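The values are calculated or read from the model by the stated rules, or taken from the named source; none is laboratory data. Being a predicted model, the structure only gives us computed values, none of them experimental. Cβ coordinates were reconstructed from backbone atoms using ideal geometry, including for glycine residues, and neighbour counts include every protein chain displayed.
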Amino acid sequence: MSASKQYTELYAQCREMIASHSAPVLNALREEAYEALQTLGFPTQKVERYKYTDVEQAFSPDYGLNLNRVSIPVDPYEVFRCDVPNLSTSLYFMLNDEFYAKEQPKAALPQGVLIGSLAEYSRTHSDLIASHYGRLARSHKDSINALNTMLAQDGLFIYVPKGVVVERPIQVVNILRSDVDLMVNRRVLIIVEEGAQLQLLCCDHAIDSKNFLATQVTEVFVGENAHLDIYELEETHTLNKRFANMYVDEQRGASVTVDSITLHNGLTRNRTDVTLSGEYSEINMYGCVVADKEQHVDNNTLIDHRAAHCQSTEKYKYVLDGEAAGAFAGRVLVREGAQKTTSNMSNANLCATREARMYTQPMLEIYADDVKCAHGSTVGQLNEQALFYMRQRGIPEAEARLLLKFAFVGEVLDSIRLEPLRDRLHYLTDKRFRGELSKCEGCKLCK
Amino acid sequence: MLEIKNLHASINGKEILKGINLTVRDGEIHAVMGTNGAGKSTLSNVIVGHPAYEVTEGEIIFNGQDLLAMKTEERANAGIFMSFQQPIEIPGVSMTNFMRAAVNARRKYQGLEPMPAGEFLKLMREKRKIVELDSKLANRSVNEGFSGGEKKRNEIFQMAMLEPTLSILDETDSGLDVDALRIVAEGFNKLRTPETSAIVITHYQRLLDYLKPDIIHVLIDGKIIKTAGPELALEIEEKGFDWIKEEAGL
């Protein structure tokens, strides 16, 4: 039986139960998603976008699903210590796919800002959510979208109304917690309206040594002249599989930064799909990957320049040790009429061992004639001359290697605008390279 | 301090050093001169332990220790410093972090605690003055975007920070203008003590005018064929190497 079939069959058997524990706006798209997944199946590695990750294999095992939404006895405030100290954030938790609402940050949010359970808000704000939900992450376009839309019962909703500036960064800690192997399908919807501003930090953690398979589909709507920074940090473990699709749509003059940092994981595939719909909009996309053992990290990105006078910058850096495998496939598409586009994409990679593998594919497609675009990638080893130079100054070889790796990803970390987060990530990356971060830093259970 | 006995070394299977004998005592400065490709840089690289070179015969004793049995970093921490002919650029590693790692590695080797941050920065400031190194350079990545002269001054700055007992200056004068040469040479002289020694590799008398070596060696085709006092350097400047080769029957 193909892996997708076990999920479509599960849905066919449990559709009432799934729907009864969710909300009408979410339920409305399930049947369409079910049909899409039946048609699409999971992509084989012959499908270009999934060339580097075996989806079928990842989804084949029999994971439990908490469709009946049995509550999980854990208090995230107890098990989790914020690992970004001095960063005054409004802190929220997601337990698997559920917004953890027992305790809310004391600092009040600006007037009109909403943060909470997607299912709940879709009841109270059904028009707002129905007009956005599933509009970017189409089921017929991608199997992960289809699967997630078919099964997701809840998730996160963030709404910043027109003109509102959220001064204090929002931090959402995603915690995977289970006593058995578990599949989680989390859905995220973010709306930042015209002229609004938001900084969002999302950290992924898994606090049990179980096999987790988490899909996450995020839709982000950024209005005219709005500013949004999203920092995504994965710090899970080797039994964790993450399939995350993020779709961003930017209106005129909008400015978005997406920073994706994979510090520790099992298998990760991130698809980031940004559409510059309005003129003068801007996207900065940065990625930093540190992997060793048999970890697998695949970043697949698309920046779609649909309007003129837009800017995009994309920079991903990987450091691969052990038998890790990394993949980067970045595509910049400059459509007809997207004149005066400026775009710069680069992917630089370090393979520190013979066994580490990197697959890189920078792609640039231009259908306009007045643009300035660049793309490129490199794969290399640590500079032997630099190593010798450092050792001649007395720095032990292991330390010298570490300094060089750290320097390599430093450029990406320095792009982080939240200073305490930047410092913290320098610290965490350093620990990671020293092999002291085999489990997540902030969890009590891991200590 | 340093005793090299019958040293043979090769790179990629090709023998470069063919039996070097050299003894450096405390406080002495030795100059090694010779034609291109004679093996001068190989000699310095073998002393500091460059992994590309293979020692096929002979031994090097440094203050009683078997140097060839030590790793590159151990040799450095034991007090050997090489000023590189072409200092390496290391993008992303700041001079400060680089020096801190080096200073603390040395201290660890000596059984000392890491140097407190304040004390370290003060030391950086003091030592920078010796070679008139701009404070801005200290905040930049190691050698990145430094001019040729700045790179060489930076080498002497690092030497000042690490206070080696044996310094090897590998063509430190190459690529330097007259002023930069003076700054580098004077910086080096300020660091001299009766306990520190140096091996200076050079083609020219210019640097030796400042450094005033005690002994001059001529290295040709992997062997030291003549050793004499400082007057030899002047003779070489005037007459070249041919007469020495003839004298040696080469």
Note to self: Against the conditions (1) within 14 Å of chain A (Cβ to nearest Cβ); (2) at pLDDT 95 or above, where does residue B:24 fall short? Just the number, please.
What the structure shows: (1)
Note to self: I'm checking my understanding of the structure. Among residues of segment B:116-147 that are within 13 Å of chain A (Cβ to nearest Cβ) and in a loop (DSSP other than H, G, I, E, B), which one is modelled with the lowest pLDDT?
What the structure shows: B:140
Next item on the list: Can you tell me which residue among A:423, A:430, A:370, A:414 is within 14 Å of chain B (Cβ to nearest Cβ), of a type in the set (Asp, Glu) and closer than 30 Å to residue A:274 by Cα?
Entry: A:414
Note to self: Every residue in segment A:159-193 that is of a type outside the set (A, V, I, L, M, F, W, C) and part of a strand (DSSP E or B), please.
What the structure shows: A:159, A:171, A:174, A:185, A:186, A:187
Margin query: I'm trying to understand the selection: among the residues of segment A:25-48, which are of a type in the set (Val, Ile, Thr) and not in a loop (DSSP other than H, G, I, E, B)?
Written below: A:25, A:39
Next item on the list: Test residue B:150 against the criterion of being charged (D, E, K, R), more than 10 Å from every other protein chain (Cβ to nearest Cβ), in a helix (DSSP H, G or I) and under 25 Å from residue A:408 (Cβ atoms), and give yes or no.
Entry: yes
Check: Which members of segment B:69-96 meet the condition of being part of a helix (DSSP H, G or I) and either aliphatic (A, V, I, L, M) or more than 7 Å from every other protein chain (Cβ to nearest Cβ) (or both)?
Finding: B:69, B:74, B:75, B:76, B:95, B:96
Next item on the list: Collect the residues in segment A:391-403 that are in a helix (DSSP H, G or I) and at the interface with chain B (Cβ under 7 Å from one of its Cβ atoms), keeping them in residue-number order.
Entry: A:391, A:392, A:397, A:399, A:403
Next item on the list: Show the residue pairs that are 6+ apart or on different chains and have beta-carbon atoms under 9 Å apart, the first residue being within segment A:299-325 and farther than 18 Å from residue A:376 by Cα, the second being among the basic types (Lys, Arg) and part of a strand (DSSP E or B).
Entry: A:320/A:357; A:323/A:357; A:324/A:357; A:325/A:357
Check: Which residues, counting only those in segment A:25-54, are within 16 Å of residue A:133 (Cα to Cα) and of a type in the set (A, V, I, L, M)?
Finding: A:25, A:26, A:28, A:29, A:33
Note to self: Residues to consider are B:244, B:236, B:225; find the one that is in a helix (DSSP H, G or I), without any contact (Cβ under 8 Å) to a residue 40 or more places away in the chain and of a type in the set (Val, Ile, Thr).
What the structure shows: B:244
Notebook entry, point to check: If residue A:170 passes every condition in (1) surrounded by fewer than 24 Cβ atoms within 10 Å (Cβ to Cβ); (2) out of contact with any Asp or Glu (no Cβ under 8 Å at 6 or more places or on another chain); (3) at pLDDT 95 or above but one, which one does it miss?
Noted result: (3)
Margin query: Given the options A:101, A:107, A:3, A:23, name the one that is at pLDDT 95 or above and small (Gly, Ala, Ser).
Written below: A:23
Next item on the list: Have a look at B:36, B:6, B:45 and point out the one that is polar (S, T, N, Q), within 21 Å of residue B:228 (Cα to Cα) and at pLDDT 95 or above.
Entry: B:6
Notebook entry, point to check: Checking residue A:385 against (1) in contact with a helix residue (DSSP H, G or I) (Cβ under 6 Å, 6 or more places away or on another chain); (2) facing chain B (nearest Cβ under 7 Å); (3) closer than 17 Å to residue B:92 by Cα; (4) not acidic (Asp, Glu), which test does it fail?
Noted result: (1)
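Yes or no, residue by residue, for (1) in contact with a strand residue (DSSP E or B) (Cβ under 9 Å, 6 or more places away or on another chain); (2) under 30 Å from residue A:238 (Cβ atoms); (3) of a type in the set (Val, Ile, Thr):
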{"residue": "A:293", "(1), (2), (3)": "no, yes, no"}
{"residue": "A:297", "(1), (2), (3)": "yes, yes, yes"}
{"residue": "A:315", "(1), (2), (3)": "yes, yes, no"}
{"residue": "A:319", "(1), (2), (3)": "yes, yes, yes"}
{"residue": "A:323", "(1), (2), (3)": "yes, yes, no"}
{"residue": "A:328", "(1), (2), (3)": "yes, yes, no"}
{"residue": "A:333", "(1), (2), (3)": "yes, no, no"}
Notebook entry, point to check: Would you say residue B:174 is under 19 Å from residue B:31 (Cβ atoms), out of contact with any Asp or Glu (no Cβ under 6 Å at 6 or more places or on another chain) and at pLDDT below 90?
Noted result: yes
Check: Failed condition for residue A:264, given (1) farther than 25 Å from residue A:418 by Cα; (2) at pLDDT below 95, with all others met?
Finding: (1)
Next item on the list: Could you name every one of the helices (runs of 4 or more DSSP H) located completely within segment A:107-158 that has at least 2 residues being surrounded by 22 or more Cβ atoms within 10 Å (Cβ to Cβ)?
Entry: A:118-124, A:143-151
Next item on the list: Of all residues in segment A:193-217, count the ones that are without any contact (Cβ under 8 Å) to a residue 60 or more places away in the chain, surrounded by 24 or more Cβ atoms within 10 Å (Cβ to Cβ) and under 21 Å from residue A:127 (Cα atoms).
Entry: 1
Notebook entry, point to check: Which residue out of B:69, B:102 is hydrophobic (A, V, I, L, M, F, W, C), over 19 Å from residue A:393 (Cβ atoms) and either exposed (fewer than 13 other Cβ atoms within 10 Å of the Cβ) or in contact with a Gly (Cβ under 9 Å, 6 or more places away or on another chain) (or both)?
Noted result: B:69
Notebook entry, point to check: Is it true that residue A:93 is modelled with pLDDT under 85, crowded, with 19+ Cβ neighbours inside 10 Å and either more than 25 Å from residue A:178 (Cβ to Cβ) or of a type outside the set (Val, Ile, Thr) (or both)?
Noted result: no
Check: Right, residue A:338: surrounded by 21 or more Cβ atoms within 10 Å (Cβ to Cβ) and either in contact with a strand residue (DSSP E or B) (Cβ under 7 Å, 6 or more places away or on another chain) or part of a helix (DSSP H, G or I) (or both) or not?
Finding: yes
